[in-house]
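One structure below.
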Amino acid sequence: MTGPISIKGGRDGLRLQLDEAAAWGDLLSALQVQLERGSQFFNGARVVVDIGERALDDRALTTVLDLMRSHGLQADALVSSSRDSRSAARSAGLAARPMRAQHTESEDRAEAGFLQRTVRSGQVVRHQGHLTIVGDVNNGAEVIAGGNIVVWGRVRGLVHAGALGDRNALICALDLQPDQIRIADLISRRPDRQTKESDAAKNLPGPAIARIVDEQISIDVWEPARRSGGSAP
Amino acid sequence: MARVITITSGKGGVGKTTSTANLGTALAILGAKVAVIDADIGLRNLDVVMGLENRIVYDLVDVIEGRCRLRQALIKDKKYADLFLLPAAQTRDKDAVNTDDMIALTNQMREDFDYVLVDSPAGIEAGFRNAVAGADEVIIVTTPEVSAVRDADRIVGLVEAFEKRSPRLVVNRIKPRMVNRGEMMSVEDVLQILAIDLIGVVPDDEQIVTATNRGEVAVLDKASRAGRAFQDIARRIAGEEVPFASLDEPHGMLDRFIGIFRTPRSRV
């Protein structure tokens, strides 16, 4: 992700960085594009907004917050070295922090995420890069990633790869039978007749890989011989 | 010092209250001093299941709001002198209590008891949070149904988020014949999804319904299979290694005959 907008995931959650030097109008339209492209990813998420040295008044800040809110994105805090921006943030009910904490290194490493646990019903895991999970994704759970999703376990809940718009994203799992699978802007759901979990397990056992083929999400049983790079016939 | 154990489930109607009443009684039978708290404020029924509804004078909210002392609100069981019930208020709702109140209340009770069992309301809202707030341990009750297991999974996630010890599981109302025919989720199916420790399996038992309506608990009925299962769970809570009883129910004369020669307890 180049350009005036960048999204990073650190220990404290998602961070939306708005380039401090870019023209304000360009920044807003770039943000609009970014939010629309990743609307599934952002809906329900909470972020820290980092605007660097830029000074924002109440009205400009409100414009940004409204734009974010209309895409389901909630700001938790504003990071800026500008005193004016921080006071605008406080009057908008946000926490305001003077400068970004020193964890750029961990943010870079967070480009790919790793999680070792069961993702349970009602839990949402959101990551801006590739995501590896060692454990199961249960019914009612949601896993959303900007990049690929690899699950060393069973997938029964909702998985969404390429949620920032990447149609080349992949989802692989040892056992891939989610309620719903999404890649970029495409959605595919489990066939209705497989209502019982035990039936589902019988129908498509073993490792599988999901990707977009001909404008549709295609789930194939993993065959070690096939190279994952090429598109299936 | 008491261990505070909350019994919860997410979904309603899976047997939380019945489990609380039976486990409380079973622990008392083992000789422990036990208090059971009905945390389902506004929808109390633990008193009914234990047959104590006609003895209620004060309730949990009275204690928290200082209208009476804890001792005055505790109701002594009909049979066991070391088993007490703290009933829920019926005319109030969940907002009458907050998590700090519940922590203070359970801490106050730690001095006097070996076990404090908290019967949680269904759901994941304030009532559930109150019920879990003061707990050292959580026991999750589920039935072998997809919807109940899904809710139990949600609860496991929430309990883990509260940084409690990993909850333990009771699978209630299992029907071995249906499981054998592949028509019901097995205990293994449930455990595969929830991935937590099993503390007991309770077979479906129609006598529970009639006993509950009479205000008697199943553990007092020597013939009740569910009662025996709850007694086993109580011993496991107390730290005993109790093997899991075979769920296969005898079908006819021959089965019953063979059953005598089989080892009475085998692994599930």
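Each reported figure results from applying straightforward, stated rules to the coordinates on display, with no laboratory input. The structure displayed is predicted, hence computed values, not measured ones. Every residue, glycine as well, gets a Cβ built from its backbone with ideal geometry; the counts of neighbours run over all protein chains shown.
Stretching B:Asn213 away from B:Asp197 to a fully extended chain increases their span by 2.6 nm, per 0.36 nm per residue minus the current alpha-carbon distance. What you get for the stretch B:1-104, charging only the Cβ of Lys and Arg (+1) and of Asp and Glu (-1), is a dipole of about 380 debye around the Cα centre. Panel order for A:Cys172, B:Cys68, by other beta carbons found within 10 Å of each beta carbon, from fewest to most: B:Cys68, A:Cys172.
Structure remark: mean-square fluctuation, Gaussian network model of chain B, C-alpha springs under 10 Å; the largest value among B:Gln207, B:Gln231, B:Gln108 belongs to B:Gln108. Return the single residue from B:Gly24, B:Gly12, B:Gly227 with maximal mean-square fluctuation; model: Gaussian network over chain B, springs between Cα atoms under 10 Å. Its mean-square fluctuation being the largest, the pick is B:Gly12. Counting Cβ atoms of other protein chains within 10 Å of each Cβ in A:115-124 and taking the mean gives 6. What is the stretch B:75-210's relative contact order, in percent, from Cα pairs under 8 angstrom and six or more apart in sequence? Averaging sequence separation for qualifying contacts and normalising by length gives 18 percent for the stretch B:75-210.
Just to verify a number: FRET efficiency for A:Ser87 and A:Val213, C-beta to C-beta distance, R0 = 30 Å, to 0.05? Step by step, r from the Cβ atoms, then E = 0.05.
Neighbours of B:Arg92, meaning other residues whose beta-carbon lies under 11 angstrom from its beta-carbon, give a summed charge of -3 when Lys and Arg score +1 and Asp and Glu score -1.
For a distance above 20 Å, tell me the whole-number percent of Cα pairs in the stretch B:102-178 that qualify.
Roughly 36 percent, once rounded to a whole number.
Restricted to Cα atoms, the stretch B:25-87 shows a radius of gyration and a Dmax of 11.4, 34 angstrom. Between B:Glu65 and B:Val146, the simple spin-label model (points 7 angstrom out along Cα→Cβ) gives 4.5 nm. Site pair B:Ser246 and B:Glu206 shows an inter-label distance of 2.4 nm when each label is modelled 7 Å from Cα along Cα→Cβ.
Per-residue counts of other Cβ atoms within 10 Å, averaged by peptide: what ranking do you get for A:90-96, A:126-132, highest first? Don't skip to the end; give the middle numbers.
Values: A:90-96: 13.7, A:126-132: 21.3.
Highest-to-lowest ranking by the protection proxy: A:126-132, A:90-96.
For the protein assembly as shown, the ratio of Cα radius of gyration to the globular rule of thumb 2.2 N^0.38 Å stands at 1.17. The value given for chain B is a Kirkwood hydrodynamic radius of 18.7 Å, derived from the mean inverse Cα-Cα separation. Sorted from longest to shortest, the spans of the Cα atoms of the stretch B:1-121 along the three principal axes equal 36, 31, 27 Å.
For the peptides B:192-204, A:72-84, A:139-151, the ranking by mean Cβ contacts within 10 Å, running from highest to lowest, is A:139-151, B:192-204, A:72-84.
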